[in-house]
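As structure tokens, the structure follows; a few thoughts come after it.
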Amino acid sequence: MLDRPNPAPEAPCLDPFVLAKALSGVHFIGGRFAPAKSGRNFAVVNPATGAEVAQAAEGDAADVEAAVADAAKAQKEWAKVPARKRGALVHKAAALIRDHVEELGRLIALETGKALRTESRVEANTVADVLEFFGGLGGELKGETVPFAPDVLSVTVREPLGVVGAIIPWNVPMLLMALKVAPALVAGNAVVVKSAEEAPLAVLRICELMNRVLPPGVFNMVSGFGPECGAPLVAHPLVRKVTFTGSVETGKIVYRTAAEKLIPVTLELGGKSPMIVFADCDFEKTLAGALTSMRFTRQGQSCTAASRIYVERPIFQKFVDAMAEKVDQMVMGDPLDEKTDIGTIISDGQFEKVKAFIEEGKATAGATGRACSAMPKDPALKKGLFIQPVIFTGLTRESRLVREEIFGPVTCIFPFDDPEAVLAEANDSEYGLAASLWTNNLKVGLNLAHKLEAGLVQINQNLVVQANLSYGGVKSSGLGKEASLEAMLEHFTHKKTIMVNMG
Ligand code: NAI
Ligand code: MG
């Protein structure tokens, strides 16, 4: 039975305000809720109103120590559980998540400002999908026999790494966590997650739900700030692998600490993903694709957002106008309202950052920034962190808006004349996460797909990360893959060789 000081409700709770309060002030360590050892908490804010909705436990090295110690102890037993049985438990946890999709969708909408219908509920369902996928992969943790010599049996076995430290961001916290926790657990590791300070609640609820079926200590969670709580997790000697999603800057800090310990890392960092539109594309399909590619429903807070769009000159102006019209039809408003397409930016800091990019773009000579959609009218939302999506044209290639990750609802559109020239522009970036191409000429499309420097290239679609497909960037976008069988085998196990001389 779980210890619930608050207490967290047993059944799905459809009132996110009530659930947020019930999840206040606790980590989840060793199978139970636990307050911060320092007794400190920090505020969790609803970005649609500016109101505090909960307090989160403010973790530091002492809480990390407790979580890692429990994880290390539990991992030894967990590794002995047959792999398919571990998978079956993760699969069982998926069923619990399915039962709580509506609850989790509402809670994540409350703490992140992402609209329930277009984003938050979708994310909750995808978490269940990811757990189901990895839950079925236990039997794939296979080794090989190696033809070394006739009288020597040489085999490899996959072994877990031990305790995995997982550091997650706030933009898609439930899904990005599931992509780390599910394969790590099925492979026989224990996990300590450090949640993002802006969105600690829904992931905490998922941790509690999964702990209803997992043995205590294999999945733990601490909340807190990066340097105080994330850094000690990465540095902890018993943490034998770190998996991180977030900014390039923090990713490099994590990598440096991991290098000192000589432990493996997976880094999913930023992006500046190009979308390339040829004149022969299916125009309406491409237009709809541009809206999803730019993740306007997530306020552009996506590492794969199509924040650079290159359109072949004959359809350039038509495309820009049609796209602006489409975005105008999207509804900005209360994230919990079913009518809302576009919610809010996550935090004051991100709001200021995105606004500064927009101001800089508007002040650039020759550039036009068209603000689309309309600010919500509801007075209850007047302190909400809403930003109208902006479509820029006429920016130079050197502009900071074109080179840096904005992580907001801002895209820059350029005309192009020639496939080779647009390829060079698309690849002229520090990043290499994703790209999409829109054309009915598959010869041109495939040729470019091979030459684009990106971990994921899609032609005539731009889906978000999908279970079963390896996902991860090149260049400053990161190291390693997530979401696939390969991700589980290569990033959450090591291969041991065992040889038996039978001569
Ligand atoms: P961040 O990279 O600082 O935060 C991500 C996670 O890392 C959070 O859990 C944070 O607490 C933790 N963290 C921060 N400092 C740490 C440290 N020294 N050691 C260990 N963990 C630490 O990202 P932030 O500040 O939230 O956003 C800044 C920018 O990063 C965004 O504007 C966006 O461009 C990019 N970003 C990219 C994401 C992606 O999906 N690739 C997700 C979130 C942000
Ligand atoms: Mg930061």
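Pick from the stretch 417-448 the residues that are among the hydroxyl-bearing types (S, T, Y) and within 20 Å of the chain's Cα centre (by Cα): which of them is surrounded by the most Cβ atoms within 10 Å (Cβ to Cβ)? Break it down stepwise before answering.
Taking the stretch 417-448 first, the residues among the hydroxyl-bearing types (S, T, Y) are 429, 431, 436, 439.
Within this subset, residues satisfying the condition of being within 20 Å of the chain's Cα centre (by Cα) are 431, 436.
Working: Y431: 25, S436: 28.
Filtering first and then ranking leaves S436.
Answer with yes or no whether F386 is of a type in the set (A, V, I, L, M, F, W, C) and not in a loop (DSSP other than H, G, I, E, B). Before you say what the answer is, go through the steps one by one.
On the way: of a type in the set (A, V, I, L, M, F, W, C): yes; not in a loop (DSSP other than H, G, I, E, B): no.
No.
State yes or no: is R370 at pLDDT below 95, closer than 18 Å to V311 by Cα and either among the hydrophobic types (A, V, I, L, M, F, W, C) or open to solvent by 30 Å² or more (accessible area, probe 1.4 Å) (or both)?
Working: at pLDDT below 95: no; closer than 18 Å to V311 by Cα: yes; either among the hydrophobic types (A, V, I, L, M, F, W, C) or open to solvent by 30 Å² or more (accessible area, probe 1.4 Å) (or both): yes.
The answer is no for R370.
Of these, G217, G300, G224, G230, which one is touching a Pro at 6+ places or on another chain (Cβ under 9 Å), of a type outside the set (S, T, N, Q) and outside the structural domain of N440 (by TED's automatic domain parsing)?
Numbers: G217 fails: touching a Pro at 6+ places or on another chain (Cβ under 9 Å); G300 fails: outside the structural domain of N440 (by TED's automatic domain parsing); G230 fails: touching a Pro at 6+ places or on another chain (Cβ under 9 Å).
Matching residue, one of G217, G300, G224, G230: G224.
What number of residues within the stretch 203-251 satisfy the criterion of being within 16 Å of ligand 2 (Cβ to nearest atom), surrounded by fewer than 23 Cβ atoms within 10 Å (Cβ to Cβ) and either farther than 23 Å from F407 by Cα or at pLDDT below 95 (or both)?
So the answer is 2.
Within the stretch 376-394, can one find any residue that is among the aliphatic types (A, V, I, L, M) and surrounded by fewer than 18 Cβ atoms within 10 Å (Cβ to Cβ)?
yes
Check the stretch 361-368 and report whether any residue there is in a helix (DSSP H, G or I), over 16 Å from Q301 (Cα atoms) and not charged (D, E, K, R). Write out each step before concluding.
From the stretch 361-368, those in a helix (DSSP H, G or I) are 361-362; that's our starting set.
Narrowing the set further to residues that are over 16 Å from Q301 (Cα atoms) leaves 361-362.
Then drop every residue that is not not charged (D, E, K, R), which leaves 361.
Checked the stretch 361-368: at least one residue is in a helix (DSSP H, G or I), over 16 Å from Q301 (Cα atoms) and not charged (D, E, K, R).
On the basis of being free of Cβ contacts under 8 Å to residues at least 60 places away in the same chain and in contact with a Ser or Thr (Cβ under 9 Å, 6 or more places away or on another chain), does A235 make the cut? Give the steps one after another, and end with the answer.
Details: free of Cβ contacts under 8 Å to residues at least 60 places away in the same chain: yes; in contact with a Ser or Thr (Cβ under 9 Å, 6 or more places away or on another chain): yes.
So A235 passes the test.
Taking into account only those residues within the stretch 252-273 that are among the small types (G, A, S) and away from ligand 2 (no atom under 12 Å from the Cβ), which is most open to solvent (accessible area, probe 1.4 Å)? Walk me through how you get there before you give the answer.
From the stretch 252-273, those among the small types (G, A, S) are 258-259, 270-271, 273; that's our starting set.
Subset that is away from ligand 2 (no atom under 12 Å from the Cβ): 258-259, 271, 273.
Numbers: A258: 1, A259: 58, G271: 4, S273: 4 Å².
Residue satisfying both the conditions and the ranking: A259.
What number goes with the only condition from (1) open to solvent by less than 20 Å² (accessible area, probe 1.4 Å); (2) of a type outside the set (F, W, Y); (3) within 23 Å of the chain's Cα centre (by Cα) that A72 does not pass?
A72 satisfies every listed condition except (3).
Within the stretch 463-486, can one find any residue that is open to solvent by 20 Å² or more (accessible area, probe 1.4 Å), among the acidic types (D, E), in a loop (DSSP other than H, G, I, E, B) and in contact (Cβ under 8 Å) with a residue 12 or more places away in the chain?
no
Pick out the one residue from T292, T286 that is more than 16 Å from ligand 1 (Cβ to nearest atom), outside the structural domain of G113 (by TED's automatic domain parsing) and open to solvent by 10 Å² or more (accessible area, probe 1.4 Å).
Just a single option satisfies the conditions, and that option is T292.
Given the condition near ligand 1 (Cβ under 10 Å from one of its atoms), in the same structural domain as L107 (by TED's automatic domain parsing) and touching a residue at least 24 places away in the same chain (Cβ under 8 Å), answer yes or no: does some residue in the stretch 174-184 qualify? Please lay out each step first, then the result.
Within the stretch 174-184, the first condition is being near ligand 1 (Cβ under 10 Å from one of its atoms), and the residues that meet it are 176.
Now restrict to residues that are in the same structural domain as L107 (by TED's automatic domain parsing): 176.
Narrowing the set further to residues that are touching a residue at least 24 places away in the same chain (Cβ under 8 Å) leaves 176.
Yes, there is a match, as at least one residue in the stretch 174-184 is near ligand 1 (Cβ under 10 Å from one of its atoms), in the same structural domain as L107 (by TED's automatic domain parsing) and touching a residue at least 24 places away in the same chain (Cβ under 8 Å).
Somewhere in the stretch 150-157, is a residue closer than 18 Å to A66 by Cβ and part of a strand (DSSP E or B)? Reasoning before the result, please.
Quick first cut of the stretch 150-157, residues closer than 18 Å to A66 by Cβ only: none.
No, the stretch 150-157 contains no residue that is closer than 18 Å to A66 by Cβ and part of a strand (DSSP E or B).
Name every residue in the stretch 395-408 that is open to solvent by 60 Å² or more (accessible area, probe 1.4 Å), more than 16 Å from ligand 2 (Cβ to nearest atom) and not basic (K, R), in order of residue number. Spell out how you get there, then give the answer.
Narrowing the stretch 395-408 to residues open to solvent by 60 Å² or more (accessible area, probe 1.4 Å): 396-398, 400, 403-404.
After this cut, where a residue has to be more than 16 Å from ligand 2 (Cβ to nearest atom) as well, the list is 396-398, 400, 403.
Selection gives T396, E398.
Can you tell me which residue among K272, K252 is without any contact (Cβ under 8 Å) to a residue 24 or more places away in the chain and either within 11 Å of ligand 1 (Cβ to nearest atom) or among the charged types (D, E, K, R) (or both)? Quick ask: steps written out before the conclusion?
Values: K272 fails: without any contact (Cβ under 8 Å) to a residue 24 or more places away in the chain.
Sole residue among the options that is without any contact (Cβ under 8 Å) to a residue 24 or more places away in the chain and either within 11 Å of ligand 1 (Cβ to nearest atom) or among the charged types (D, E, K, R) (or both): K252.
Taking the condition more than 16 Å from ligand 2 (Cβ to nearest atom), touching a helix residue (DSSP H, G or I) at 6+ places or on another chain (Cβ under 8 Å), of a type outside the set (V, I, T) and within 30 Å of P47 (Cβ to Cβ), does F283 pass? Before the answer, list the steps.
Details: more than 16 Å from ligand 2 (Cβ to nearest atom): yes; touching a helix residue (DSSP H, G or I) at 6+ places or on another chain (Cβ under 8 Å): yes; of a type outside the set (V, I, T): yes; within 30 Å of P47 (Cβ to Cβ): no.
When the stated conditions are applied, F283 does not pass them.
Assess whether K451 counts as being surrounded by fewer than 20 Cβ atoms within 10 Å (Cβ to Cβ), among the basic types (K, R) and touching a helix residue (DSSP H, G or I) at 6+ places or on another chain (Cβ under 7 Å).
Details: surrounded by fewer than 20 Cβ atoms within 10 Å (Cβ to Cβ): yes; among the basic types (K, R): yes; touching a helix residue (DSSP H, G or I) at 6+ places or on another chain (Cβ under 7 Å): yes.
Answer is yes for this residue.
In the stretch 409-416, is there at least one residue being open to solvent by 50 Å² or more (accessible area, probe 1.4 Å) and in contact with a strand residue (DSSP E or B) (Cβ under 8 Å, 6 or more places away or on another chain)?
Here is the first cut: in the stretch 409-416, the residues open to solvent by 50 Å² or more (accessible area, probe 1.4 Å) are none.
No, because not a single residue in the stretch 409-416 is open to solvent by 50 Å² or more (accessible area, probe 1.4 Å) and in contact with a strand residue (DSSP E or B) (Cβ under 8 Å, 6 or more places away or on another chain).
Can you tell me how many residues in the stretch 295-316 are closer than 20 Å to A449 by Cβ and away from ligand 1 (no atom under 15 Å from the Cβ)? Working first, answer last.
Within the stretch 295-316, the subset closer than 20 Å to A449 by Cβ is 303-312.
Adding the requirement that they be away from ligand 1 (no atom under 15 Å from the Cβ) leaves 309-312.
Of the residues in that region, 4 qualify.
The values are calculated or read from the model by the stated rules, or taken from the named source; none is laboratory data. Values in this document were obtained by computation on a predicted structure and should not be read as measured data. Positions of Cβ are backbone-derived with ideal geometry, glycine not excepted, and every protein chain shown enters the neighbour counts. To get the accessible areas, we keep the full protein, side chains included, count just its heavy atoms, and leave off ligands, DNA and RNA. Shrake-Rupley method; radii C 1.70, N 1.55, O 1.52, S 1.80 Å.
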